[in-house]
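Peer 1: Pasting a structure below so you can have a look.
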Amino acid sequence: MQIEPGAQARAVHVVTEADTALAVGTGAVPVLATSRALAWCERATFDAIQPAVPEGSTSVAMRVQIDHLKAASIDCEMTAIATLERVEGRRFVFVVSLLDDTDEISASGRIVRVLVDTATFVSRACGTP
C-alpha cells in the first residue's frame, strides 16, 4: 500500500439543525455537537487513505482523541482537515482539525485508522450470523 506521511483530505460541511447537540441528544444547546465534529474529522481520514487501500480491504478508526475547543452555530461553514502524520505497519496516524468559517480551530486531535480485511472484519462483528 502506497501512502506517505503528508497525505491530506479536506471536507467542507455547513452546520445544520440536525448537527446540533440539541438534535443529537448530547447537550441542551443549538451548536455543533462534538460527535458530529468527530464524524466529519473521521470522514476526512477515511477520504485521505481510501485511494491507497487495496481491493478487499478497508480502513477503520481504532483510536480517537479530539478536543472540541469552540462552538459553531447553525449555518457556520466548517472545514475538516486530516493529515497523515505517520504509518506504523497497518496503522495510520492522522492529525485532524476542524476550522470554522473564520479559519479558527473549532476542534483538533488525532485519529488512528487500521487497515483490515473487509470480509474478516465484517464476519467478526457482533450480531453477524
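Residues checked against (1) closer than 16 Å to Gln8 by Cβ; (2) over 17 Å from the mean Cα position of the chain (by Cα):
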position	(1), (2)
Gly27	no, yes
Ala33	no, no
Arg43	yes, no
Phe46	yes, no
Ile49	yes, no
Glu55	no, yes
Ser59	yes, no
Met62	no, no
Ile66	no, no
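Peer 1: Name the single residue, out of those in the range 12-62 being part of a helix (DSSP H, G or I) and of a type in the set (Val, Ile, Thr), that is surrounded by the most Cβ atoms within 10 Å (Cβ to Cβ).
Peer 2: Restricting attention to the range 12-62, the residues satisfying the condition of being part of a helix (DSSP H, G or I) are 17-19, 21-24, 34-52.
Still in the running and of a type in the set (Val, Ile, Thr): 24, 34, 45, 49.
Values: Val24: 14, Thr34: 16, Thr45: 26, Ile49: 22.
Here the residue is Thr45.
Values quoted throughout were computed directly from the atomic coordinates according to the rules given, and no laboratory measurement underlies them. Worth saying up front: this structure is predicted, and the values here are computed from it rather than measured. Neighbour counts are summed over all protein chains in view; Cβ atoms, including those assigned to glycine, are modelled from backbone coordinates with ideal geometry.
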